[in-house]
1. Across the range 74-108, what is the total count of residues that are open to solvent by 60 Å² or more (accessible area, probe 1.4 Å), farther than 24 Å from Met53 by Cα and touching a residue at least 12 places away in the same chain (Cβ under 8 Å)?
2. Run down Arg34, Arg46 and say which single residue is touching a helix residue (DSSP H, G or I) at 6+ places or on another chain (Cβ under 7 Å), modelled with pLDDT of 85 or more, of a type in the set (D, E, K, R) and farther than 30 Å from Ile189 by Cα.
3. Here's a check for you: in the range 109-118, which residue that is in a helix (DSSP H, G or I) and open to solvent by 60 Å² or more (accessible area, probe 1.4 Å) is nearest to Tyr47 (Cα to Cα)?
4. Can you tell me which residue in the range 71-128 is farthest from the chain's Cα centre (by Cα), limited to those that are acidic (Asp, Glu) and more than 26 Å from Lys177 (Cβ to Cβ)?
5. State yes or no: is Val232 open to solvent by less than 20 Å² (accessible area, probe 1.4 Å), part of a loop (DSSP other than H, G, I, E, B) and modelled with pLDDT of 95 or more?
6. Please go through the range 197-215 and pick out each residue that is open to solvent by 30 Å² or more (accessible area, probe 1.4 Å) and closer than 20 Å to Ala182 by Cβ.
Amino acid sequence: VLDRETALGNFAGGKVPDVFVVAADLARPGDGLRLMSDLRSRPATRYSSVCVMLPEKGREVAAVALDLGAADLLEQSADPAEMAIRLQTQITRKRQSDRLRASVADGLRLAMTDPLTGLHNRRYALPHLSRIAERAEAAGRQFAVMVLDLDRFKTINDTLGHAAGDAVLVEVAERLKSNLRAVDLIARIGGEEFLVALPDTTLEAARATAERLCRVVGARPVRLKDGASVQVTTSIGLALGGRGTRGVEDLIGLADTALRESKAEGRNQVTIRRSAARA
């Protein structure tokens, strides 16, 4: 038996009741229905079933309870065995809903996540980058886009095997992620290619971030499972966007062009391309 404050608590540890049984009238008539509305509106108890215990001659209360989202109605005079069966039915339905909701959430997460590195994928990155560009346009601020590519990655796969290549990708992804802000976007958009977007930044700050990423990738070899290690570096192309610049696809194209220039000029470096204004 819970009092109102406990029922509306945070339920530390995630042990939220599957079903609440609430008397329609508590201290005052209608208090139970108000409590049910509060339970349905709070994140912790939003998905719990709520069964309302009706007072004698409670037909009008029954209609209101159902309108407010009661999962079932129980009469005070009902047989306890019947109540137990109906509550068990609600528990079963609630847990089925939990499993379905978790399955949908997992599907959405997998659709937006690279399974190897745990970073966002292209499907997530491009719409998110568009939103960054829209906010920058509205606020009159700048943002940066980087395309990063691991140098001579094919040689790692060819000489050490794809398992080694996967280990390198996972470690590089972690190094990149740990050296970016929480608001920054990082995604794996190709085999050994990554996309980084920095909202609300300047050219100088973006250049410093890109050069830092270059350093942390190549700072130490990546250790493999067999005890061997491999040195890895990355080339980066950087483009700056903001009010009046072209669309995000064009901006990514500029960063990609800058990346190719970094490769052509010796790799393991940052090249900057300024974005062109919209026609």
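The values are calculated or read from the model by the stated rules, or taken from the named source; none is laboratory data. Quick caveat, the model's predicted, so the values are computed rather than measured. Glycine gets a Cβ as well: all are built from the backbone with ideal geometry, and neighbour counts include every protein chain shown. Quick note on the areas: whole protein, heavy atoms, side chains included, nothing else; ligands and nucleic acids left out. Shrake-Rupley method; radii C 1.70, N 1.55, O 1.52, S 1.80 Å.
1. 1
2. Just one listed residue meets the conditions, Arg46.
3. Residue satisfying both the conditions and the ranking: Arg109.
4. It comes out as Asp79.
5. Yes: the conditions hold for Val232.
6. Scanning the range 197-215 gives Asp200, Thr202, Ala205, Ala208, Arg212.
Conditions tested, residue by residue: (1) hydrophobic (A, V, I, L, M, F, W, C); (2) touching a residue at least 60 places away in the same chain (Cβ under 8 Å); (3) not in a helix (DSSP H, G or I).
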site	(1), (2), (3)
Glu137	no, yes, no
Ala144	yes, yes, yes
Asn157	no, no, no
Val170	yes, no, no
Arg181	no, no, yes
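Residue-by-condition table, conditions (1) within 29 Å of Arg99 (Cα to Cα); (2) open to solvent by less than 70 Å² (accessible area, probe 1.4 Å):
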site: Val19; (1), (2): yes, yes
site: Val22; (1), (2): yes, yes
site: Leu33; (1), (2): yes, yes
site: Pro43; (1), (2): yes, no
site: Arg46; (1), (2): yes, no
site: Val52; (1), (2): yes, yes
site: Glu56; (1), (2): no, no
site: Ala63; (1), (2): no, yes
